[in-house]
Amino acid sequence: MTLLFVADPLESFKTHKDTTFAMMREAASRGHHVWACEPADLVWVRGARVVARRARAITLTGQAERWFEVAAEGELALADTRAVIMRKDPPFDSEYFYATHLLGQAEREGARVFNKPAALRDHPEKLAILEFPQFIGPTLVTRSAEAVRAFHAEHQDIILKPLDGMGGMGIFRVGPDGLNLGSIVETLNQDGAQSLMVQKYLPEIVHGDKRVLVIDGEPVPFCLARIPQGSEIRGNLAAGGKGVAQPLSPRDREIATALGPILAARGLLLVGLDVIGDSLTEINVTSPTCFQEITQQTGFDVAKRFIDALEARLK
């Protein structure tokens, strides 16, 4: 069957760790036809269907450098594919938002899109945790500098982060001395123009910010603990964190099994839950990663599980 991946430029993939590449490789190994385009390629004209104006059919070479060859290139109607897999990396900016609306129109025309475009819009990765307060630590979302100061006075050691950040970008820690709190708030909330998230610092971060993958409501049995290195407070791999795969803890599994069926029922085939200690900190739905790291370290084939789930949804 034909699968269209909507993703970042193929030339930018780091295939030794890229999750979308792992999905493509598994799909191709089963004989599926792999196509790719970028969100900027999506076009709709009245009286016609949503198309990828520059879609590329690719074959995988098995080489590290030139990892793909273009077998065909041209316009492809999304409804003519068996599935569209939305894998554009964050940030969830205006263009990403508009792309979900084009994908939603493609759904009305008969396309099957994963993750579901409406669910992508309804689950911003920082704010989606608000629905599940029983699993999160002390958290504040606000534009108010005064509210942030009050939260700091109560909890003493806090983390501040923008709502549209990714890869650990823009994350600050402020300890009991409150050093630079005012300046950090001004930077993040743009003098009250933008909301930010504030959370109590969780010392368990030294053991890793765990990425728990949930595929069609079922947790992958291993997570990737992204452990901060040196003086860094961020465990994100993009920020230099060390990824260590490990079995899910009872609390990890409790969170994943509670949220998994709810999110899957909303059209979220793949979700990445971020857990520090016993607390859920984010719900990643745009382009969850860590397939290859978990597979390489444990032998559990995450991409196989994902394509199994995708095929089951398409029956």
Run D8 past the list (1) surrounded by fewer than 18 Cβ atoms within 10 Å (Cβ to Cβ); (2) of a type outside the set (V, I, T); (3) part of a helix (DSSP H, G or I); (4) touching a residue at least 40 places away in the same chain (Cβ under 8 Å) and report the number of the one that doesn't hold.
(3)
Would you be able to tell me the number of residues in the range 180-216 that are surrounded by fewer than 16 Cβ atoms within 10 Å (Cβ to Cβ) and among the aromatic types (F, W, Y)?
0
Within the range 223-242, take every residue that is in a strand (DSSP E or B) and within 17 Å of the chain's Cα centre (by Cα) and give me the one that is nearest to I262 (Cα to Cα).
C223
What residue, of V84, V50, V34, is of a type outside the set (S, T, N, Q), farther than 25 Å from V302 by Cβ and modelled with pLDDT of 95 or more?
V50
Test: residue in the range 231-244 that is in contact with a Phe, Trp or Tyr (Cβ under 7 Å, 6 or more places away or on another chain) and surrounded by 20 or more Cβ atoms within 10 Å (Cβ to Cβ)
no
Scanning the range 140-166 residue by residue, those in contact with a Pro (Cβ under 8 Å, 6 or more places away or on another chain) and surrounded by 15 or more Cβ atoms within 10 Å (Cβ to Cβ) turn out to be F151, H155, L163, D164, G165, M166
The range 35-62: number of residues that are crowded, with 17+ Cβ neighbours inside 10 Å and among the small types (G, A, S):
4
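Quick grid of which residues meet (1) of a type outside the set (D, E); (2) farther than 13 Å from V302 by Cβ:
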{"residue": "G208", "(1), (2)": "yes, yes"}
{"residue": "R211", "(1), (2)": "yes, no"}
{"residue": "E232", "(1), (2)": "no, yes"}
{"residue": "G240", "(1), (2)": "yes, yes"}
{"residue": "A258", "(1), (2)": "yes, yes"}
{"residue": "L263", "(1), (2)": "yes, yes"}
{"residue": "L268", "(1), (2)": "yes, yes"}
If we ask which residues in the range 115-130 are in contact with a Phe, Trp or Tyr (Cβ under 8 Å, 6 or more places away or on another chain), assigned to a loop (DSSP other than H, G, I, E, B) and buried (at least 21 other Cβ atoms within 10 Å of the Cβ), their number turns out to be 1
Please verify whether the range 87-101 includes one or more residues that are surrounded by 15 or more Cβ atoms within 10 Å (Cβ to Cβ), among the small types (G, A, S) and within 30 Å of P162 (Cβ to Cβ).
yes
For the range 243-293, how many residues meet the condition of being in a loop (DSSP other than H, G, I, E, B), over 17 Å from the mean Cα position of the chain (by Cα) and within 27 Å of E26 (Cα to Cα)?
1
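The values are calculated or read from the model by the stated rules, or taken from the named source; none is laboratory data. All figures in this text were calculated on a predicted structure; none of them were measured in a lab. As a convention, Cβ positions derive from the backbone with ideal geometry for all residues, glycine included, and neighbour counts pool all protein chains shown.
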